[in-house]
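Colleague: Mind looking over this structure? Questions follow.
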Amino acid sequence: MTVHTLKSPVDLGLAEQFQALLPHLPGTAARKKAFAQFEKTGLPGRRLEAWHYTDWRAMQKSVLPPVSSESSEDLALASVMQDPFSGIKAYDALLVNAQGILTGDRVDFAEVLELSEAIRSGHPLIAHLGTAFSAASDPMAALNEAMYLGGVLARIKKGSKLALPIHAFSTGGSSVPASLHARALVIVEDDVELTLLDTVVGPDDVENQVSTVVEFIIGRNAKVEYVTFNGLGRRTLGFTGVGVRMGAHSEFSTINIAVGGAVARHQVHVAMEGEGGKLGVRGIALLNGNQHADSTLAIDHIAPGCESRELFRTVVDGEATGVFQGRIMVKKDAQKTDGQMASNALLLSEGASMNNKPELEIFADDVVCAHGATCGELDEDLLFYLQARGLPRKEAEALMIHAFVGEVLEFVSHEEARERLNGVVERWLKARVGEGA
């Protein structure tokens, strides 16, 4: 018996939008294949196990028109003020809804092209597009691959040791209701050392639908740190995907800080394809109101002798909902794997909720792997101790919350970026103290 997914009005609207956009976008064959993959399920909902706690099918109630650069230019300038990394000494890139790239520095360590231009010219590195975060892996990945309007292809040349971070700032949405699908492909060649600070922000008072995917292809002995800040608007549905393929003895560390979005799904897929690799995937979500934030990981240990560490801290206030789903898979040839995963959540109100689902799938017999999840309230004894020494309750709570998430921030190696992100946490906590005053 064949089971067919019933198409919703939004699925039908996306199909119409795709057909209208297709003649104007490069890479027609690959896009058709990706959209056919998307149509197998349509927008993901509770029937898909990986989307059980984030029913996107119910959350996306309309199909918004594609973003236009004309509605974004003023927004881009205003949004810079929301960027926690603004002013850090770095190689800068500004993306106005993936429509173009403006760089403050011309550099000799990188080749940077607009993705559409690279596809039209038949650039050889385009062969890597869709290999780290594939359309077959997830319906939202398929939708992004079919519908992206633009983005970046960046190649960091072999042996480059960047003294400064690369700072990428992009607008997520528009000053009028719109949808945006954007994509980036980052090729990190052998023996490179790189820090990338990535910010996406958007307006709070406008409904937007944003989907971004960043793929990394990492060479031998390369070291990459990728720090992302989600400051999307409070009415935005936001999906961010990170796909990584790691070469032998490479290191990849990523930290996602999420404070924005009505709905924010951050999805990470990593394939540890070369032996001796080291991986760190970490995140912080600070939620209030009716926000919904989902961190979903899929880590595949394919080669032997690799190490992975996953640590997520979620703070949930108001009527907000947090989700953590993490899966570590150890393939049969991945002997000597060391994988550790933990998710910890703080619930600050009666209406707050958290869903944790850590998983291990192990097909090798010489491994050290563990996972754990906790969910609870602030320690009343410690709160009493702090209040007995003169701190008001809200300030005592703020001190404990900051300590709770601060453990993750310590993994940001760039000192100034780490201090800026501590400032983000402090402002969130200060607003909470003010609301409770």
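Colleague: May I ask you to list the residues in segment 297-351 that are hydroxyl-bearing (Ser, Thr, Tyr) and surrounded by fewer than 20 Cβ atoms within 10 Å (Cβ to Cβ)?
Modeller: Ser349
Colleague: Residues of segment 181-204 being over 15 Å from the mean Cα position of the chain (by Cα), assigned to a strand (DSSP E or B) and closer than 21 Å to Ser86 by Cβ, which ones?
Modeller: Those that are over 15 Å from the mean Cα position of the chain (by Cα), assigned to a strand (DSSP E or B) and closer than 21 Å to Ser86 by Cβ: Leu194, Thr195.
Colleague: Looking at segment 275-294, which of its residues are surrounded by fewer than 19 Cβ atoms within 10 Å (Cβ to Cβ) and in contact (Cβ under 8 Å) with a residue 40 or more places away in the chain?
Modeller: Gly280, Gly289
Colleague: Right, another one. As an exercise: evaluate Gln387 against (1) at pLDDT 95 or above; (2) surrounded by fewer than 22 Cβ atoms within 10 Å (Cβ to Cβ) and give the number of the one condition it does not meet.
Modeller: For Gln387, the failing item is (1).
Colleague: For segment 332-437, which helices (runs of 4 or more DSSP H) that fit wholly inside it have 1 or more residues that are β-branched (Val, Ile, Thr)?
Modeller: Of the helices (runs of 4 or more DSSP H) lying wholly inside segment 332-437, those with at least 1 residues that are β-branched (Val, Ile, Thr) span 393-409, 415-436.
Colleague: Could you check how many residues of segment 247-260 are over 13 Å from Glu225 (Cβ atoms) and in contact (Cβ under 8 Å) with a residue 40 or more places away in the chain?
Modeller: Looking only at that region, the number is 5.
Colleague: Can you name every residue in segment 380-407 that is over 11 Å from Leu429 (Cα atoms) and among the acidic types (Asp, Glu)?
Modeller: If the condition is that a residue be over 11 Å from Leu429 (Cα atoms) and among the acidic types (Asp, Glu), then Glu380, Asp381, Glu407 are the ones that fit.
Colleague: Just one of the numbered conditions (1) of a type in the set (Asp, Glu); (2) modelled with pLDDT under 95; (3) buried (at least 16 other Cβ atoms within 10 Å of the Cβ) is not true of Glu380; which one?
Modeller: All conditions pass for Glu380, except number (3).
Colleague: Of everything in segment 191-234 that's within 24 Å of Ala135 (Cα to Cα) and of a type in the set (Gly, Ala, Ser), which residue is surrounded by the fewest Cβ atoms within 10 Å (Cβ to Cβ)?
Modeller: So the residue we want is Gly219.
Colleague: Could you list, in sequence order, all residues of segment 118-169 that are out of contact with any Pro (no Cβ under 9 Å at 6 or more places or on another chain), part of a loop (DSSP other than H, G, I, E, B) and either acidic (Asp, Glu) or over 24 Å from Val227 (Cβ atoms) (or both)?
Modeller: Gly122, His123, Gly130, Ser134, listed by residue number.
The values are calculated or read from the model by the stated rules, or taken from the named source; none is laboratory data. The shown structure was predicted, so the numbers you read here are calculated from the model rather than taken from an experiment. No Cβ is skipped: glycine too gets one built from the backbone with ideal geometry, and neighbour counts run over all protein chains shown.
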